[in-house]
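> Right, I'll just put the structure down here and ask away after.
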Amino acid sequence: MKTLPIVFVLGLSLVACGPETTTIEDPPIGGQSLEQIMPVNGRVEVPGHGEEKWFAYGAVAGNQWTPANGVVTSHVFEDGATIVTGQVNVEPAKEGTFYEVWIRDLETQQGVSAGHLVNHFGDARHGFKLESSEDLRRYLDVRVTLEKDDGNTEASTHIVATATLKPTKRR
């Protein structure tokens, strides 16, 4: 009797933005699609924003009470727009709470919400994307807070993860 090998495939697709952009609207069951701006032929260009003029990235780390990890990237384009994306692995928030991402200018201490962490599968995989028409390259401090779902728009003091973005030249 012959036995056939069983192959398990765990896929994580990154979608390159640029002239050859592909977007997966509804990922198949068991798969995940994450939008990530990637170089194509050595250049980073996003339709509607033009060529990337500035790039920064940083590793996400949890604190002593909340294990978390991930990566955040920030891009500024020739039209002055900023796109900040991140993937954060953290335990799903309990009922009545949610995670919110904040980016902050370390010099002025001014902060901006980058939105809620989105979790489509009920596991540790979360993501976020912020698009702004403003140049946010000074916003290098990233904080993930645990928020009560009470309508308060201010950042809570319960920080569960942080990252510091490091500006990097691509070429």
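The values are calculated or read from the model by the stated rules, or taken from the named source; none is laboratory data. Values in this document were obtained by computation on a predicted structure and should not be read as measured data. Cβ: placed from backbone, ideal geometry, glycine included. Neighbour counts: every protein chain shown.
> Filter the stretch 99-111 down to the residues that are assigned to a strand (DSSP E or B) and either of a type outside the set (Phe, Trp, Tyr) or under 8 Å from Tyr139 (Cα atoms) (or both) and list them by number.
Kept after step one, since they are assigned to a strand (DSSP E or B), are these residues of the stretch 99-111: 99-105, 111.
Selection gives Glu100, Val101, Ile103, Arg104, Asp105, Gly111.
> Looking only at the stretch 136-152, which residues are over 17 Å from Ala81 (Cβ atoms) and either at pLDDT below 95 or surrounded by 13 or more Cβ atoms within 10 Å (Cβ to Cβ) (or both)? Before you say what the answer is, go through the steps one by one.
Let us first name the residues in the stretch 136-152 that are over 17 Å from Ala81 (Cβ atoms), namely 140-152.
Of everything in the stretch 136-152, those that are over 17 Å from Ala81 (Cβ atoms) and either at pLDDT below 95 or surrounded by 13 or more Cβ atoms within 10 Å (Cβ to Cβ) (or both) turn out to be Leu140, Asp141, Val142, Arg143, Val144, Thr145, Leu146, Glu147, Asp149, Asp150, Gly151, Asn152.
> Looking at (1) modelled with pLDDT of 95 or more; (2) surrounded by 15 or more Cβ atoms within 10 Å (Cβ to Cβ); (3) farther than 25 Å from Pro39 by Cα, which is the one condition that is false for Gly96?
(2)
> Collect the residues in the stretch 123-137 that are under 17 Å from the mean Cα position of the chain (by Cα) and part of a loop (DSSP other than H, G, I, E, B), keeping them in residue-number order. Break it down into steps so the answer makes sense when it comes.
Our first condition is that a residue be under 17 Å from the mean Cα position of the chain (by Cα); within the stretch 123-137, this holds for 123-132, 136-137.
Those that are under 17 Å from the mean Cα position of the chain (by Cα) and part of a loop (DSSP other than H, G, I, E, B): Asp123, Ala124, Leu136, Arg137.
> While we're here: In the list Thr66, Thr82, which residue meets the criterion of being touching a strand residue (DSSP E or B) at 6+ places or on another chain (Cβ under 6 Å), surrounded by fewer than 19 Cβ atoms within 10 Å (Cβ to Cβ) and closer than 22 Å to Arg104 by Cα?
On the way: Thr82 fails: surrounded by fewer than 19 Cβ atoms within 10 Å (Cβ to Cβ).
When all the criteria are applied, what remains is Thr66.
> With (1) within 25 Å of Gly48 (Cα to Cα); (2) touching a residue at least 60 places away in the same chain (Cβ under 8 Å) as the list, and His120 as the residue in question, which single condition is left unmet?
Among (1) within 25 Å of Gly48 (Cα to Cα); (2) touching a residue at least 60 places away in the same chain (Cβ under 8 Å), the lone unmet condition for His120 is (1).
> Evaluate the stretch 111-123: report whether one residue or more is aromatic (Phe, Trp, Tyr), surrounded by fewer than 20 Cβ atoms within 10 Å (Cβ to Cβ) and touching a Gly at 6+ places or on another chain (Cβ under 6 Å). Spell out the reasoning first.
To start, the set of residues in the stretch 111-123 that are aromatic (Phe, Trp, Tyr) comprises 121.
Of the ones still in play, those that are also surrounded by fewer than 20 Cβ atoms within 10 Å (Cβ to Cβ) are 121.
Subsequent filtering for residues that are touching a Gly at 6+ places or on another chain (Cβ under 6 Å) retains none.
Looking for residues that are aromatic (Phe, Trp, Tyr), surrounded by fewer than 20 Cβ atoms within 10 Å (Cβ to Cβ) and touching a Gly at 6+ places or on another chain (Cβ under 6 Å), one finds none in the stretch 111-123, hence no.
> Against the conditions (1) free of Cβ contacts under 8 Å to residues at least 12 places away in the same chain; (2) part of a strand (DSSP E or B), where does Asn152 fall short? Just the number, please.
(2)
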